[in-house]
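Notes to accompany the following structure.
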Amino acid sequence: MQSRYMISCAVAAILTGCGGAAFAADAPDAAGSATAVEEVVVTAQRRDETVEKVPSTVQAFTGVTLKNLQVTTLDGLLKYTPNVTFGNNGPGQGNIFMRGLSAGFAGDQSSATAGNFPNVAVYLDEQSMQFPARNVDIYMVDMNRVEVLEGPQGTLFGGGAEAGAVRYITNKPKLNVFEGNAEVSAGYTDGGAPNASGNLTVNIPVITDKVAVRAVVYDDHHGGYIDNVPSTFTRSNQDLGNNYWNITPVGGHCPNGQPAGAAGLCAPPNSGQVNNFAIAQKNFNPVDYAGGRISALIDVSPDWDVLIAQSYSQMHAEGLSVEYPTSSDFQALGPLQVSSFVPSYDRDRYENTAWTVNGKIGSLKAIYTGAYMIRNISQQMDYTNYSRSAGGMYYQCTGGGTGWGGNAFCYSPIGYWDDKVRNTHLTNEVRLSTPDDWRIRGIVGAYYEQFKIYDDQNFNYKTIPSCTPANLAASALPGGQPCVANVTTAPGSTANYPGERGDSTAFGEDTQRGYNQLALFGSFDFDIIPNVLTITAGTRYYDYTEFEVGSQYGTTTGCLDVPNGQCVGGLVNIDSHNDHVTYTGFKSRANITWHIQPNLMVYYTFSQGFRPGGFNRSVSAVAPLTTAKSTAQYEKPNGYAPDSLTNNEIGMKGEFLDNRLQVNLSAYYMNWDNVQFLFFDPTQLGNTTFGVNGPNYNVKGVEGQVVARVTDALTIQGSASYDDDTQANSPCLTDNISGTPAFGSCITTVKGAPFQNPFGTVGSTPAFSPKLQGNLHGRYDWRIADYKLFAQAGLSYMGSMYNQPATYLSGNGVLIPNTTYLRYLQPAYTTYDASIGVTKDKWSATLYGTNLSNSHASQFTSSAQFIKSEVPLRPMVIGLKLGASF
């Protein structure tokens, strides 16, 4: 009680005399003479220019602004970026979406093999860092700026930037100054564990004006705030796999003494109960970021320099980042509580080496840049709730219709999945550009990259005993219980870890996938009227060569009572599919810019983007007309094609009142065609995820950004977006198996029951597409003697949105999910942040608070782990940060 009172006092102190936080411009020294809004220089068009000169929607955050807003990770940044949403499974486990361009999002499991590529690019300087469902959570320290480029960037940034790009630009070494700074912070999380962080940056001119080195190290601990409460798991009469035995109640009650389930069936006897008492604990989801970066700048000659940078980063997330409304045994849980039965973690690290050569060839500016990244992920996730599904019970129970024989008996329901991923990414680009003051300006370049994923994903929920010699002998005795042999990778397939899997592995994949890309691009500007009217045209030729090899393996009745390692059936040799495809084409951009006045610009931009397609792990017949598998109506395709985006945008950027007021407005209409959809619906469409190309979407929206220097001391700013995204057509899943009754027509019946079109209907809203997003912040700076003080406060609003597209099965009232793609509405929420600080000479101190209203709103609601889960906002944090420069 006393701690809450102290927090309330601190919050009140922070909010007193509130001001704002700049993102497009940093608040200047109140004693200075500057009165204009400071402009931010970006390289959105591969040249240095202010945001106000770029004829497209750009949100820019300087390094000072990021520090002022206490932003170090992606979660913090997203509060200030309207029109950007995030499918968030936890730190380093999500997809970024822009302008509502999303076809949904599910769990991390199998994403390295089965996930489609994201449509928003992520860059660390010149290196692409994107990954299916696992964009790198780059830690923001010693940053020059972060640029958020909205709309297709396909001409200058390629296939990954279909919907936009997020670019993290680091500070570079300075050749003629020794400087550094250090920061430490400590914080309190309401109801959770404390936080602590530290970072150190130093810039050393080794040879003045010739060679300089810059280094940064950081260590940041985020205390946990979700409790893994003591829980049990008991086989229930509601479990979806009870139809294996068709045990009917007697006198209205089942053998376990409980009423029958919704289907009028009972759980099998001998099911037992398990608990999580050994791993239950409070605040079990801490996250640690640690790493560093060192770069060297060498001035070779007056026109040439070389930059080499080495980055290392690791992120360790323990526990789960979700809360469960109900426990695994259906008891109601409180906020920030979960029932987990297996230790869970995500350990993610990368090393990136980058090199850049800058120079001049005559009047032309020449740049060669390259980078090589190695990323390693090791993740384990509790999957115990899958045991209530028909698929989960199949791997854990014997007797009845399971196909395993023996007596009706269910072994332990505890299960988990384990994923080991290695990602390598090599990029090389060369660019030539004309001077910026030429009337006809141009930039041309060539780009080459190699992207590879090595994935070993195992689902470890098989608890029927494996076929050791002892278990084999026991199974042969009269009345002996069966054993199930361990699975192996497919013989003859490419494998990262070939051979037999562990006793509990029921399903998995050992794969390699990726692509090589060659691209040529060019963009040219022509000043029809110098400094007044300019036209721009550009295009990019791309050549993607994509591949996938490896195997998928699973437990089938071919594994019954045979020695471990001799299991047959359930194997897919992906190598035999010859999964190699090449995509080529052009994506272009054009715009016209009119400077009505020197500080007032209007523009029209046409731009195109795309992302590559992908492969499915297996080709199989699904969607049976009746309960007999022989009546299948749909054969899953071997892969799916790229989707594409066309953008038409108009905008205005202006500075008024002696540059005290900056206003940027844009409106856009986009067509997103041939959209990639992923399906996982075991009861109707098979027990593995697969991708297809689906409907088109129309995206209409407006966005505005305002920064105002109300006085020399007070800066107020805000930004907001409104989107109206709708489905434009209504394809269907078509019966593609010759000889079936509905061949060539839409599938309307599966297993004798009506089948709802999984692609949705015309006019429906896509996933992660809130109508309204916005934020408003203010900052006030003043001076007392030698002390410079500031106060800032603000709010951020996220509108309501769905986690999946329309007509995906609704999760409302679903007690036991049978798919990872249930659709939930995520309600709107608002967060409030504030801080006060003081600087004197080279010392600074800041007291800050985030999520001051202590909202527990869901950032992502899903059934990804076969139970309804919500990723909550981090509770209120009160922290103190101390800094020193030298």
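The values are calculated or read from the model by the stated rules, or taken from the named source; none is laboratory data. Small disclaimer: the values here were computed from a predicted structure and weren't measured. Positions of Cβ are backbone-derived with ideal geometry, glycine not excepted, and every protein chain shown enters the neighbour counts. Just so you know, the surface numbers come from the protein's heavy atoms only, side chains and all, with ligands and any DNA or RNA stripped out. Shrake-Rupley method; radii C 1.70, N 1.55, O 1.52, S 1.80 Å.
Quick notes on this structure:
- Dipole magnitude of the chain about its Cα centre (Cβ charges: Lys, Arg +1; Asp, Glu -1), debye to nearest 20: 540
- For the range 52-136: Kirkwood Rh in Å [reciprocal of mean 1/r, alpha carbons]: 14.2
- Using alpha-carbon coordinates, inclination of helix 2-15 to the longest axis of the chain, degrees: 40
- Cα convex hull volume per residue for the range 372-426 (Å³): 96
- Stokes-Einstein D in µm²/s, Kirkwood radius over Cα pairs - the range 391-502 at 37 °C with 0.692 mPa s viscosity: 173
- Each peptide in 403-413, 257-267, 506-516 receives the mean, over its residues, of other Cβ atoms within 10 Å, and ordering these scores from highest gives 506-516, 403-413, 257-267.
- Separation of alpha-carbon centers, the range 835-858 and the range 395-412, rounded to whole Å: 57
- Taking all Cα pairs closer than 8 Å and separated by 6 or more residues, the relative contact order of the chain comes to 13 percent.
- Rh (Kirkwood; distinct C-alpha pairs) - the range 269-311, Å: 16.5
- Normalised by the number of residues in the range 101-187, the average gap of Cα pairs under 8 Å and 6 or more apart makes the relative contact order 29 percent.
- Dipole check for the range 198-341: with +1 at the C-beta of Lys and Arg, -1 at the C-beta of Asp and Glu, and the Cα centre as origin, the magnitude is about 460 Debye.
- Largest first and in whole Å, the equivalent-ellipsoid semi-axes of the range 244-284 read 31, 11, 9, each the square root of five times a Cα gyration tensor eigenvalue.
- Surface composition of the chain: carbon and sulfur atoms hold 59% of the protein heavy-atom accessible area at a 1.4 Å probe.
- Proximal lysines relative to K700, as straight alpha-carbon distance under 18 Å, when same-chain residues fewer than 8 apart are discounted: K771
- Over 16 Å [Cα-Cα, the range 727-766], rounded percent: 42
- Debye log10 I(q)/I(0) for the chain, one point scatterer per Cα, at q = 0.07, 0.10 Å⁻¹: -0.58, -1.17
- One quarter of the convex hull surface built on the alpha carbon atoms of the range 834-886 amounts to 5.3 nm², the projected area averaged over directions.
- All-pairs alpha carbon distance profile, the range 607-667, 10 Å steps from 0, percent: 17, 20, 18, 15, 13, 10, 7, 1
- Within the range 541-604, the proportion of C-alpha pairs whose separation exceeds 19 Å stands at 66%.
- Whole-angstrom Cα spans of the range 649-712 along principal axes, big to small: 64, 24, 11
- Projected-area average for the range 200-304 over all orientations - Cα convex hull basis, square nanometres: 14.0
- Distance from the range 662-721 to the range 763-779 (C-alpha centre basis), Å: 8
- Per-residue ellipticity at 222 nm from helix content only, as computed over the chain with -39500 (n - 2.57) for each DSSP H run of at least four residues, stands at -1000 deg cm²/dmol.
- Percent of C-alpha pairs per 10 Å bin, the range 646-784, short to long: 10, 26, 22, 16, 12, 9, 5, 1, 0
- Average projection area in nm² (convex hull over Cα atoms of the range 764-879, one quarter of hull surface): 9.2
- Dividing the mean sequence gap of close Cα pairs (under 8 Å, 6+ apart) by how many residues the range 351-467 holds gives a relative contact order of 29 percent.
- As an equivalent ellipsoid, the range 543-683 spans semi-axes of 53, 17, 15 angstrom, where each value is the square root of five times an eigenvalue of the C-alpha gyration tensor, largest first.
- Inter-probe distance in nm under a simple model that places probes 7 Å from Cα toward Cβ, at L518 and I737: 4.2
- The alpha carbon convex hull volume per residue for the range 643-684 rounds to 114 Å³.
- Cα principal axis extents for the range 427-561, largest first, Å: 94, 27, 17
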